[in-house]
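Take a look at the following structure, please.
Laboratory data are not the source of any read-out in this text; all were calculated from the coordinates shown. All of these numbers come straight from a predicted model, not from anything done at the bench. Cβ placement follows ideal geometry from the backbone for every residue including glycine, while neighbour counts extend to all protein chains displayed.
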Amino acid sequence: MVWEGLMSVLTIESLLYMVIGVAIGIIFGAIPGLTANMAVALCLPLTYKMTPILGISTLIALYVGGISGGLISAILLNIPGTPASVATTFDGAPLARKGEAGKALGVAICSSFAGTMLSIGALVFIAPSLARAALRFGPYEFFAISLFSLTLLGTMISDSVLKGITSAVFGVCASLVGMAPIGGVMRFTFGFNEVATGFSILPVLIGLFAISEIFNMAISPPTSEKVEVYDYHIKGFGFSLAEAKSQIGNFLRSALIGIGIGILPGIGGGTSNIVAYSVAKQQSKHPEKFGTGIIDGIVASETANNASIGGALIPLLTLGIPGDTVTAILLGGLMIHGISPGPLLFKNQAALVYGIFFALVIATFVMLLLEYFGMRLFVKVLTVPQYILLPIIIVLCCVGTFGVNHRMFDVWVSLFFGIIGFAMTKLEFPIPPMLLGFILGPIVEVNLIRGLMYSQGDVTAFIKSPIAAAFHLVSVLAVIFTVRRDLKKRRAKEEVSAADLQ
């Protein structure tokens, strides 16, 4: 199975698509406003006619390139290309201002590479064992895990518990449109035959993560300022062997943080880079140097955000639950290719799983080489004006959405969800919980109904299982913790306002 998985990705076609995927991912990650989410969502329709392993390998390459690409603009422009590179600006840009942009880039690229490789190791060793344990799960456990994922994402990713949970519930409601998976009852179709089968996941993904972002970028005031890029010439890898040895502890700690946060459903690199940077600063003997341009902060941020890649894939492949927003889109890609991730995937399609593992390794090496040798090309892309990019992207969104099912209805669905995503952004409702709610809604519904059928309507059966009870308890604690956090923030703001008035 291992050899078969390796051979499935070691084809000229697969390698070519992965190189192209990583390059496109880096470009989307480097350009502020274009994210890894948009790259994967936009290119998802292009993989529809590919074989499953070729399509998934391409999407994984986009994922790896998109997360890492944010370091380019974070260091050279002091603008994070993606949320996963926010903390990279804290020390990357100051180091570039000192005339050491090459060193900052070298450290960031190598940290990204090493963090991803370590997370792949964790994925290879943890995922099969977790899948074997998950084979014993029943409807009660899967219902609890899905509910836990929705709750955790809704509470952790938003400053408001109410807004986060509301977004997740709205996603679940959107997933209920069409024929019921058990019973076949038509729901919320309002007489439209087109929605009898529900909303396809592809138009929803493209609408929420591509079209809504285009709307946001379109209303932003245009800037006439010329983009200033720091000198980025790299000598070797930009750092010495002694400097590399001094960062081993920081690297391992940050990688573990990235893997751990990646495993938690729906959080990912956007959080892990900030957490790793904060911990590195707390553990440093010279915390006052952070923010002035030291490599410690770059190593922490770029190691953690890329380590979250392997971490986020662990719950996706073993339980069918995305670890972050991009893996939620990858889940859509798996579903489009007829692949159902979960514990049975490792048993029934082991060759595909190993193919995914090897695709990750290859894409990571491609990312290292492209960022190191192709930096001049990627920097030039940073200067492309938005009025050229936006029309091209919107056309690709519409063509890609139409091309899958050849239905104009899907194009209107993507525009509809694009408007919803745009409105949610303006009202400060987080979009990832809605997407996860849309994906996990059917899982929650099916396992709820099956559990009630097995227990003959006894609701207490959902907490009699020790595993299910543990996840329910953690869900409740997450809500309580977040509510307390919000109340403290509100009191602090009120105290500050009162002090200003006095």
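Using the Cα gyration tensor of segment 428-502, with a ≥ b ≥ c the square roots of its eigenvalues, what is the shape: rounded (a/c below 1.5), prolate (a/b larger than b/c) or oblate (neither)? Could you put the intermediate results ahead of the total?
On the way: a/c = 4.59, a/b = 2.30, b/c = 1.99.
Prolate, because a/c is 1.5 or more and a/b exceeds b/c.
Under unit Cβ charges (Lys, Arg +1; Asp, Glu -1), what dipole magnitude, rounded to 20 debye, does the chain have relative to its Cα centre?
Working: 29 positive and 25 negative charges, 118 e Å.
Here the size comes out at about 560 debye.
Rounded, prolate or oblate: which fits segment 361-502, taking a ≥ b ≥ c as square roots of the Cα gyration tensor eigenvalues, rounded meaning a/c under 1.5, else prolate when a/b beats b/c? Could you put the intermediate results ahead of the total?
Working: a/c = 1.85, a/b = 1.28, b/c = 1.44.
Oblate, since a/c reaches 1.5 and b/c is not below a/b.
Please state the shape class of segment 381-436: rounded when a/c is under 1.5, otherwise prolate if a/b exceeds b/c and oblate if not, all from the C-alpha gyration tensor. Let's see the in-between values first.
On the way: a/c = 2.29, a/b = 1.04, b/c = 2.20.
Oblate, since a/c reaches 1.5 and b/c is not below a/b.
Taking the beta-carbon count within 10 Å as an exposure proxy, list Ser272, Ser175 from fewest neighbours to most.
Working: Ser272 33, Ser175 22.
With the fewest neighbours first, Ser272, Ser175 line up as Ser175, Ser272.
Let me check I have the definition right: for the chain, take the eigenvalues of the Cα gyration tensor, multiply each by 5, take square roots. What are those semi-axes in whole Å, largest first?
Those come to 35, 27, 25 Å.
Let's see if you can work this out: charge +1 on each Lys and Arg Cβ, -1 on each Asp and Glu Cβ, no other charges. What is the dipole magnitude of segment 1-135 about its Cα centre, in debye to the nearest 20?
Numbers: 5 positive and 4 negative charges, 35 e Å.
Roughly 160 debye, rounded to the nearest 20.
While we're looking at this one, here's another question. Hey, fewest Cβ within 10 Å first, where do Ser68, Ser465, Ser112 land in order?
Going from least to most buried by this count: Ser465, Ser112, Ser68.
Kindly put Phe365, Phe190, Phe90 in sequence by how many other C-beta atoms sit within 10 Å of each C-beta, fewest to most. Don't skip to the end; give the middle numbers.
Values: Phe365 15, Phe190 6, Phe90 24.
Neighbour counts put them in this order, fewest first: Phe190, Phe365, Phe90.
What size of dipole, in debye to the nearest 20, comes out for segment 413-488 about its Cα centre when the only charges are +1 on Lys and Arg C-beta atoms and -1 on Asp and Glu C-beta atoms? Numbers along the way, then the final one.
Values: 6 positive and 4 negative charges, 46 e Å.
Around 220 debye, computed over segment 413-488.
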